[in-house]
Structures are given as structure tokens and as C-alpha cells.
Amino acid sequence: MIVSRKWLEAFLRQPLDSHDLTERLAMLGAPVDAVEQSHAAMADLVVGLVEAVEPHPDADKLSVCSVNDGGDELLQVICGAPNVTAGKRYPLARVGTTLPGGLTIEKRKIRGQVSRGMLCSARELEMGEDHTGILELVTEAAAGSSLLDALDLDDESLEVDVTPNRPDLLGHKGIARELAASYGRQFRLPTIPGGGMAIPAPIRADGAEGTTGGVRVAIEDPEGCPRFLGAVIRGVTIGPSPAWLRNRLEAVGIRSINNVVDATNYILIELGQPTHAYDLQTLRGSAIIARRAGDGEGLTTLDGKDRTASADMTLIADAEGAIGIGGVMGGETTEVRDTTTDIFLECASFQPSRIRRTRTDLGLSTDASFRFERGVDKWGAPDALRRCLEILLATAGGELDGSPVDVWPETTHPPRIFLRAERVRQVLGEDIPWAKLEEYLVAIGATVVSKPDDGRIAVDVPGWRPDLTEEIDLVEEVARMHGYDNFPSDLRPFRVGTLPDDPASVAVATVRDGLAAAGLNEVATMPMAGPDGEGCVAVLNPLSSQEGFLRRRLIPGLTRQVERNWALGVRDVRLFEVGTVFEAADPGQRPREEIRVAGVITGQWQPRHWSDGEMRDVNRWDVAGLFHRAVALAYPSATVQVDGESWVAVSPEGQETIGRTHRLDADAPPWAAPVYGFEVRVHPGTREIRRYQALPETPASTRDVSLLIPPGVTAAQVDRAMRVVKGTRLESLEVLSEFHGGDLPAGHRTVAFRLTFRDPQRTLRDKDVEKAFGRILAAVEREVGVAPRGAGEAPGEG
């Protein structure tokens, strides 16, 4: 939606800043994609006051003009137009000025006389097609003042991104309404120069047809066209639109055609309501009917193309045949021409889904269909009709023939929704006062009836907001009006949900966090690749011949990223990716998908620092360490085994290989280091949840002991025997060392353990620790037959 800043200023009766507008509209849910200066190519042109006009001494059709441009001296300008008169004002392009068409004005001699500028015609300014004479300015602006200011063309156009659920923003009025709420002020429709005449309200027809100005208006397809309003104006004069109307339309990129068509386009852009004018003399039988199309019925539309309608389309017809496609485009036979004197003005409502199907089937998208298929305010149609009639009578003259007619067989009303203040507080986490809730709802155009005893507000939704259907929609409107940036950023109490997270998502998040903490950078590559052996899945519509298959592995894509880094002179690369790989399934079945994680490293093992000695590059042991970490994160139950010069991860179920390390082949420059990589399947099973545990506040006490372990007994058995002893306050247990040989008995070994004791409530005394330590040693000797090395030796204390 292209919006004019000056048009919005006319609504709000205050100057607006485009930067402030973009920020406010973004916070209101209608971001501005671009801001462009209107008539930017005319920025350097000024008003030139012609002081004198003399005939050119050497050319009969040229004249020498003395032009005041606001400077100390008059400019001599050679002109060939016959209409330049002393004492009048014209557009002046000084030397160095570039015209809209790209011509740069230079100082030059014309038949012996020097010209220091150029007086411009409408065509040269791209303000019309007239080039027979210089454009005369009807203004009292001082000589040398900006031409844009003098013509009231100093404007900016804003390209507003309107979402499909907000059809009310497809007109200046809707956007002005939002801004008025943001600024906290009222807005009004701009006044129409020459307007102000009293327009009678449309008379509601009794049933499905009515009459206005001798024209029968009927609805025979109430599903496709639920409401149809019309009026007749006789004695209009077709001609150019006044400057104010042309300027408004041109500011939003619409070319002026004539005063009647421009009036309907003005209503389209101002109110978002499409209207259409018919040449009344071309109607057959003085009737306008909204009906279903006959199968195969055709007509020629305004674009000069023959269209064939189907039975599920709504047509506008006269007594003998179709004259327009309802809600999309009018017919060529009834278009307004220069000879038109009487017109019929249509303002109707059409079913959005019907317009969408019609537009798609015909391949015909128009500004009208764009709005109708999103939903136009059918309750506001009478006001739109009267506004358009006011502009037509002010710009084209004529008289209204009788009162307008309103054919509406089945009257409906906008919905009523109840909003609970408690629900607003629950959703937004903010206690918004009752009066503020009412203020916000009134600002969007709703009618409210407070019911404080029930704790709710009855809200009559405005007809231009078809997106408001439930209470939660009103809560969102309150949030918009309150301002998203006005809500506190601190985390408020909330109710924890009972639905668990998807295990696959938890697994992927765990892998990402772990590898990022290990110093690897995450990348996301395209899932398309070249052929990679049997089982590749071909893409039906590939982007290129080199990427015609879905990837079977992640490593090739990461290798290409390493090569791109090398091409930019980057030697140290550490990347990982978590993504989906694909494998062909049985014919007719969807490809099999599997989530994997892969990583690549090359270059120096750690960043260079001046305090370091000789730096080394990564090697296979480094990738082995990362591989162990990746396996622990991605597939915790898998085990890692040595496989020649690399390592593999094996699943516990069927001893299936689920991961492997690689030394990768790549197109490496001479200065590059070897590239190593790994790839592991991500198991979607549940992960152990790590819970917060506060740091201890009491000191610990440790005891070290060296146990003589006979053959057939493992250190793990000793570990379990120590841990199962109750009441010892044993906090942790770790293995310090293992010793074989020497004077130990054959097959025996000694393993040194360190035991840490702690009571979270108090400091342990030595006798408490010795008692607990003794109980543990006794339990180990009793359960697994293991005693401390050296009979009678006292255990050391750490």
C-alpha cells in the first residue's frame, strides 16, 4: 500500500515526520518497507517571475525573457513558447539543474543570444502531456522559491506492508485511524475543495431491488453480492481533474485519467472502498443487476480483452447482458468517455472467497479485487458512496437524480465480543486499568458497553475489522495500543506447561549448545547436493544440475564451506552443522530422513597468543576429542572405538555404526592445514536433566586409600561397594592411580581411591570421618574381599 504523507497530514491536521511515521507504524503492525521523495527530480526547480519579454533579434519564433529567480540579477532565458507573458510565473530550471527526463540545463548560445536557464512545459516536468506552451503557475509564491512548495508537491510516499488480515489499512483513512490512536488525537476526513453540498443518505430498498434516477437496481446473487448501492448523476462534464485531485493520486503512483474516474480512484485509495462509474446512456433497459454468470457468458473488460465467465462468478449486468465482472473489473461498453453526460455510480460489497476464485480463474488481478478478496467494510458503504458523490459533484458538476438506493436483502451487524479485564492481565502480564481498556478499544473504532459488575466489557467490533472475531483478538489490540515497548522486559511468574518438549528438539538443542561451547561455529548449508552413490533422492525441480539430489551426508557441505574460507584467506576454521539427511525408500514411499551432526576443523588448534611458544595445527587426536564429545551429546548410549587411524561410534542395540571421524580431501591451497571431520547420528531419546545445585557452605574432609585388588575383581565393583554404605556422608569417590608388578602377588594390582566426606549442615569432626571411613573399608572387605595394601598401615589423610 503506497501512502502519501501529506494526505495523512490532511487527516490528522498536523505536520508529520516520515521517520516518526515509520517507527509508529512498525509498532502498530504495519511496517514501512520504503520511503521515497515524491517528484524528487523536481527538487532543484524554482519559481521564475518573467519581468520582460523581447523578440529575439535573429529568430522570429523565439523570445528573450528576463527572469527573476530571486537573485541579485535577472537571468536571460531564450524561449520558443508563444504563451510566455511578462508579470507571470513559470517553472524555471537554472544552469546545472537536471530535469525529470534526465536533461541537464547548460549555459548555451541560441542564435547568438546566451540562455542561462529554461522555462519548462508540463511534459518536460512529467506533469502531463501538454508541451505546446510553458506551464503557467497560479501562485503568489516569491520568485526563486521552491517549485515543489509552490505547487504543494513537497510530499513523501511510504510503502506500507499490509498483512492480509488488515484490509482496513488498504486506505489512507485506516492508516490515519491507527496513527490518531498512536498520537492520542482525533482525525477527520480531508475537506473537498468546492464540496460541502448536502448528499442525501441512501434509501434502503424493500427486498432485493430498488430504483434510483429511473434505474432499476437488483441483486439476484445475494451470496456473491450481499449489498449494492447506486446513485445517478445527470449533466456531468468530463474533463481534467483539478490540481488537488491529480496531486493526491500522483503522490501514490496513480495516473490521472479524468475527473469521474479519478474520483472513484480517490475513494479507493482514501477509504479502501472500490466504486465504479457507468455511462448511463450505454445501459440497455435502464437496469443494473448483480447476478450469477451464465456458463460461457462473456464480455470485453476495460483492458480491451475478451473474458469468458463461469457459472460460479458474479457479474454486473444490464437488462440484456453482462457489463462487468463483479468486484474485479468493469466492461468496455459502459466505460466513461469524453462524451458522457449521465453516470451511474456503483458501490457494492462482494464475497471475498468468490472474488478470490474469480481473480484466479481469469488471471485478472486489480486494485478492486485485491481489496474485495481481503474483505471490505460493507457497513461503511453508504458513507463511501456519499463521499464519492461529493467529489463527483464538486469536480464534474451535474445534479443528483433522486436519492441513492441501498439494496441489502439480508441485513447483518458486526459481531459483539466480551472482553474480560482478568483475561487481559493473564495474557499480557500487565494490570491495565479499566479506563485504559475502554480508551484503547474506542481508539480502534469499537463501541464499548462497560459491565464492571461482571468484570467484562461488551465490544461491538467495527465493520472495517473482519479480523476481530474472538476475545484474544481484542487482547492483541489492547497490546498494540498500549505499545509493545511499554511492557516490562523482566520475566514475570508464569504457569509451567504440562506438555513435554519434543525429544528430538531437546536432543538437537543439547548438541548445538555443547558444540558451540567447545568453540565450533554453527552453519546451515543447503540440503541439495550432487549425486552421492546409491540411495540418492532426486529433486523433481532442481535449482541447478550440480544440486539435483537431496544430501545423504553433511560432511560434503561443510567441506565446501572450508574451501570458501580458504578462498578468502582464512586458515583456521571450526564449523559444525545439525541437519537432516535423506535416503531413498521403496518406490512410492517418502524418503527416509535422519538428523545428524557433523563438524570440521582445520588450522591451528588454539588462537595464537604472544605468550605461547610454537603453535601446532589440529591433528587426529584433536578431532577424536571433539568426536567423543559429539557422541556423548548426540547419542549418549553409544560407545567409541578405534578403527585404524580413525574412530567410530557404535550403537548399543545392534552394534550399528552411527558415527565416524574422517580426514577429509579438499581443494586446499599450499598453506592450508589438514582437514578433519566427524559425523554422528542424533538419537532423539530423552536426556538426563541437569538440575541446579547450590555450592556447599561447609568444608569437606578427604581420605586416600590404596586397595590391593585380586584377579577377577574390578574397580567398578569396589566403587559400588563403597557407595552403598549408608550414613557415611560420602560425597564423592574418584580413582587416583593404578599399579601393577613390583612385589605384588601375581595377577594383583593396587588402586588408589580418594573419598570425600561432607555434611551439608555442619563441619565434620575427625572422629566422625574416621568412623565413616572405617565402615566403608569394612564393607568393601566383606562384599568383594578387598583390603588396604599393607596390613596395619594407617590410611593417609588429604
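The values are calculated or read from the model by the stated rules, or taken from the named source; none is laboratory data. Small disclaimer: the values here were computed from a predicted structure and weren't measured. Positions of Cβ are backbone-derived with ideal geometry, glycine not excepted, and every protein chain shown enters the neighbour counts. Each accessible area value is taken on the protein alone, full model and side chains, heavy atoms only, with ligands, DNA and RNA left out. Shrake-Rupley method; radii C 1.70, N 1.55, O 1.52, S 1.80 Å.
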Query raised in the report: Pairing the Cα long axis of helix 620-634 with the longest principal axis of the chain, what angle in degrees results, from 0 to 90 and rounded to the nearest 10?
Result: 70 degrees
**Report entry** Inter-label distance, nm, simple model (7 Å from Cα along the C-beta direction), Thr85/Ala715
**Finding:** 11.1 nm
**Report entry** Selected from Pro556, Gln589, Val570, residue furthest toward positive end of dipole (the range 553-610; charges at beta carbon)
**Finding:** Val570
Query - Förster-model FRET efficiency, 41 Å R0, Gln606 and Asp586, C-beta, rounded to 0.05 - result: 0.25
Report summary line: FRET efficiency (Asp572, Ala694; Cβ distance; R0 56 Å; to 0.05) is 0.90
Query - Cleavage-rule hits, trypsin sites (Lys or Arg not before Pro), the range 63-164, DSSP coil, Cβ neighbours within 10 Å at most 12 - result: Lys107, Arg111
Query - Listed residue (Asn259, Ala208, Leu249) projecting farthest to the positive dipole end of the range 149-262, Cβ model - result: Ala208
Query raised in the report: Given charges of +1 on the Cβ of Lys and Arg and -1 on the Cβ of Asp and Glu, with all other atoms neutral, how large is the dipole of the range 52-166 about its Cα centre, in debye to the nearest 20?
Result: 620 debye
Query raised in the report: How large is the helix-only mean residue ellipticity at 222 nm for the chain, computed as the sum of -39500 (n - 2.57) over DSSP H runs with n ≥ 4, divided by its residue count, in deg cm²/dmol to the nearest 500?
Result: -7000 deg cm²/dmol
Requested in this report: With a probe of 1.4 Å, find how much accessible area the range 378-465 has per residue, and write the answer as a whole number in Å².
Outcome: 47 Å²
Query raised in the report: Any idea how far apart Ser505 and His131 come out in nm if each label point goes 7 Å out from Cα toward Cβ?
Result: 6.4 nm
Query raised in the report: Once fully extended, how much extra length lies between Arg723 and Thr469, figured as 0.36 nm per residue of separation less the alpha-carbon to alpha-carbon distance?
Result: 85.2 nm
Report task. Return the loop-located GluC sites (Glu not before Pro) in the range 633-726 (DSSP other than H, G, I, E, B) with at most 15 other Cβ atoms within 10 Å of their own Cβ; answer none if there are none. Result -> Glu645, Glu653, Glu656, Glu688, Glu697
Requested in this report: May I ask you to order 435-446, 161-172 by the average number of other C-beta atoms within 10 Å around their residues, highest value first?
Outcome: 161-172, 435-446
Query - Viscosity 0.692 mPa s, 37 °C: Kirkwood-radius Stokes-Einstein D of the range 578-733 over Cα pairs, µm²/s - result: 161 µm²/s
Query raised in the report: How large, in percent, is the carbon and sulfur part of the accessible surface of the range 29-160 at a probe radius of 1.4 Å?
Result: 45 percent
Query raised in the report: When only DSSP loop residues count, what trypsin sites (Lys or Arg not before Pro) in the range 700-798 have their Cβ near at most 13 other Cβ atoms within 10 Å?
Result: Lys726, Arg762, Arg765
**Report entry** Segment Glu220-Glu9, extension gain: residue separation times 0.36 nm, minus the distance between their alpha carbons
**Finding:** 71.7 nm
Query raised in the report: Roughly how big is the chain's charge dipole about its Cα centre, with Cβ charges of +1 (Lys, Arg) and -1 (Asp, Glu), in debye to the nearest 20?
Result: 2340 debye
Requested in this report: Return the whole-Å distance between the Cα centroid of the range 335-384 and the Cα centroid of the range 442-474.
Outcome: 29 Å
Requested in this report: Rank Ala40, Gly535, Gly497 by how far each Cα sits towards the positive end of the charge dipole of the chain (+1 on Lys, Arg Cβ; -1 on Asp, Glu Cβ) and give me just the farthest.
Outcome: Gly497
Query raised in the report: In whole Å, how far is the Cα centre of the range 610-657 from that of the range 495-522?
Result: 21 Å
Query raised in the report: To the nearest 10 square angstrom, what accessible area does Trp671 show with a 1.4 Å probe?
Result: 110 Å²
Requested in this report: Please work out which option in (1) 59.2; (2) 41.4; (3) 48.0 gives mean projected area of the Cα convex hull in nm² calculated from these coordinates, and answer with its label.
Outcome: (1)
Requested in this report: Apply 1/(1 + (r/R0)^6) to the Cβ-Cβ distance of Asp17 and Thr447, taking R0 = 30 Å, and write down the FRET efficiency to the nearest 0.05.
Outcome: 0.40
Query raised in the report: About the Cα centre of the range 409-496, what is the dipole size in debye to 20, counting +1 per Lys and Arg Cβ and -1 per Asp and Glu Cβ, all else neutral?
Result: 180 debye
Query raised in the report: Modelled label-to-label distance, Asp643 and Arg284, 7 Å Cα→beta-carbon offset: nm?
Result: 8.2 nm
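For the chain, give the share of DSSP beta bridges that are antiparallel, in percent and rounded to the nearest 5; count only bridges with both residues there.
Looking only at bridges with both residues in the chain, the antiparallel portion is about 95 percent.
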Query raised in the report: What order, most packed first, do the peptides 193-201, 628-636, 333-341, 515-523 have when packing is the mean number of other Cβ atoms within 10 Å of each residue?
Result: 628-636, 333-341, 515-523, 193-201
Report task. Pairs of Cα atoms under 8 Å, at least six residues apart: use those to get the relative contact order of the range 697-798, whole percent. Result -> 45 percent
Query - Packing rank of 279-285, 73-79, where each peptide gets the mean count of other beta carbons within 10 Å, highest leading - result: 73-79, 279-285
Query raised in the report: How far, in degrees from 0 to 90, does helix 18-27 lean away from the longest principal axis of the Cα atoms of the chain, to the nearest 10?
Result: 50 degrees
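Quick one: length gained pulling Glu783 to Ala142 fully straight, 0.36 nm per residue minus the C-alpha distance? Don't skip to the answer; put the middle values down first.
Values: separation 641, 0.36 × 641 = 230.76 nm, distance 10.96 nm.
So the extension gain works out to 219.8 nm.
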